[in-house]
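The values are calculated or read from the model by the stated rules, or taken from the named source; none is laboratory data. Predicted model only: the values in this text are computed from it and were never measured. Note that we place each Cβ from the backbone using ideal geometry, even for glycine, and neighbour counts take in every protein chain shown. Just the protein is used for accessible areas: all its heavy atoms, side chains included, with ligands, DNA and RNA removed. Shrake-Rupley method; radii C 1.70, N 1.55, O 1.52, S 1.80 Å.
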Amino acid sequence: MKDCIKVGLIGLGTVGGGVARVLLENEKNLGARAGVPIRLVKITTLVMKNPLPFPLADGVLTSDVNDILDNPEIDVVVECIGGVGAALEFARRALKSGKHFVTPNKELIAKFGAELLELARQNGVNLCYEASVAGGIPIIHGLKNNLAADNVRKLFGILNGTTNYILDKMTQEGAEFADALAQAQELGYAEANPTNDVDGYDVAYKLSILAGIAFNTAFRFEDIHFEGIRNVSASDIAFAKRLGYVIKLIATGVDRGAAGVELRVHPTMVPVEHPLANVGGAFNAVFVEGDYIGQAMFYGPGAGSLPTASAVAGDVVDIAMNHEIAHSHPSMTTNFGLRKSVPIGEVSCEYYLRLSVKDQAGVLAQIATICGDLGVSLKNVEQPEAEGGNAELILITHPVREAAMQEAIARMGKLPVVNKVESLIRVGLA
Ligand code: HSE
């Protein structure tokens, strides 16, 4: 039995700074809950916050990461630097030298989780990443432990606060994407280069992690079809509202049995009465359907220094508890074997399509012919505006295969009477 669990922290930025604060400020309670004292003994950082927001004992701060990775006294390495360059090297070194590893790094786990979990298993240590999905929301432990007796069939997530903030601004204020993005950047939600968030990468990483746990397999990041929110316009949001929907960037994971698992991230029209439609601002939520629990939603802050730090430090406590009973649970995915993902072309759902067309006789007939030829059944057609010889046309389809819908759009785009296919948005959660 150890007299204390020693932690080394790599990175003292937004999340790392929060982790240091929680581990130091709440040290007494963490130790009491773990049954063994937990001490943050080393911190290394390239970017020094001056002055530090909390006092550190002499010798804790170091500029050399080897003071953590080569330090035989350190039991747990916490990585808060992000990316898959140095973070991957540090993870491999820590696990190979028998140290537990904790990270909030979704890209690292989505791309290298299988390799790192195997390393953890070989070395009898834990790899924990609760904060990698939905920040402070305990969704990974929720799925892995608390729903272990259930069979999750579907999950739908709002997993990116930045894009939810932007879409919410557009919904509440009628703002266009560029203006809402600028506001998100001013408030510090969106980064100067917002690609990772607004083009869907961040959500795709998180979905591959969650789906792996929910559906008992290891998905490759390449298995996820993902799109961002750049093409969502104020008009689409206004039409959605009239039709009884809110547009959200939804991560969808659905078990289709022998056909595989649907894994997709894209703007989705969510019925206003669905709980996910009311997740506003920068909040995250995961809506789960299981055989026994029925429907449940996990809701909370998906980012931010202290919410994320709370989840990271929770992993450290979990490791300390396990250490006390000499138990390692590196397999944070219940990996029963490989399952295939359903190709996006095979996915079937309802679609909203907005076209800019010439306002003249026969346009609708030409569009309807394409739909008829491809088996795309129309549920609703509207022509809300016509101006200067041009009109907007809104089509809502019945459920149809994505491949047929894409072919229909390609054919419509070639019609001389169609100025532009403005947008295509999937409708509903199914
Ligand atoms: N940038 C992410 C978000 C948080 O906006 O939700 C970290 O994944």
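Which of the three applies to region 7-77, rounded, prolate or oblate, going by the alpha-carbon gyration tensor with a ≥ b ≥ c and a/c under 1.5 meaning rounded? Oblate shape, in that a/c is at least 1.5 and b/c is the bigger or equal ratio.
I'd like the distance separating the alpha-carbon centroids of region 114-171 and region 408-425, in whole Å. Each part's Cα centre sits 38 Å from the other's.
Proximity of backbone amide H atoms, modeled 1.01 Å from N, is registered between Ile247 and Val270 at under 5 Å, excluding neighbours fewer than 5 places apart on the same chain. Beyond 25 Å between alpha-carbons counts as too far, so tell me which of Lys28/Lys206; Lys241/Lys340; Lys154/Lys248; Lys96/Lys340; Lys144/Lys340; Lys42/Lys144 fall in that bin. Over 25 Å Cα-Cα: Lys28/Lys206; Lys241/Lys340; Lys96/Lys340; Lys42/Lys144. Note on the chain: with neighbouring protein chains present and a 1.4 Å probe, carbon and sulfur make up 51 percent of its accessible heavy-atom surface. Packing, taken as the mean count of other beta carbons within 10 Å per residue, orders the peptides 157-167, 283-293 from highest to lowest as 157-167, 283-293. Using a 10 angstrom cutoff on alpha carbons, build the Gaussian network for the chain and name the most mobile of Ala192, Ala368, Ala148. Looking only at Ala192, Ala368, Ala148, the largest GNM fluctuation is found for Ala192.
Leaving out ligands and nucleic acids, and using a 1.4 Å probe, what accessible area per residue does the chain come to in Å²?
The answer is 42 Å² per residue.
Within the listed set Gln360, Gln295, Gln383, the Gaussian network model of the chain (springs between alpha-carbon atoms below 10 Å) gives the highest mean-square fluctuation for Gln360. Axis of helix 402-414 versus longest Cα principal axis of the chain: the two differ by about 50°, to the nearest ten degrees. Rg then Dmax, both in Å and based on the Cα atoms of region 280-430: 24.1, 78. Protein-only accessible surface at a 1.4 angstrom probe places the residues Cys128, Cys80 in the order Cys80, Cys128, largest first.
The GluC sites (Glu not before Pro) of region 1-105 meeting both criteria, a DSSP state outside H, G, I, E and B (loop) and at most 15 other C-beta atoms within 10 angstrom of the site's C-beta, are Glu73. Using just its DSSP H runs of length 4 or more, each adding -39500 (n - 2.57), the chain gives a mean residue ellipticity at 222 nm of -10500 deg cm²/dmol after division by all residues.
A P(r) calculated from all alpha carbon pairs of the chain, with 10 Å bins opening at zero, reads 4, 21, 28, 22, 13, 7, 4, 1, 0 percent.
Could you order His398, His141, His266 by accessible surface area, starting with the largest, using a probe radius of 1.4 Å?
On the way: His398 75, His141 35, His266 0 Å².
Ranked from most to least accessible, the order is His398, His141, His266.
Using a Gaussian network model of the chain in which every pair of alpha carbons under 10 angstrom is joined by a spring, one finds that among Ser63, Ser341, Ser305 the greatest mean-square fluctuation is at Ser63. Sorting Val133, Val421 on solvent-accessible area from highest to lowest, probe radius 1.4 Å, gives Val421, Val133.
Taking 18 Å as the straight-line reach from the Cα of Lys414, the aspartates and glutamates in range (excluding those fewer than 8 positions away in the same chain) are Asp359, Asp373, Glu392, Glu422.
For region 344-427, the fraction of C-alpha pairs farther apart than 22 angstrom is 17 percent.
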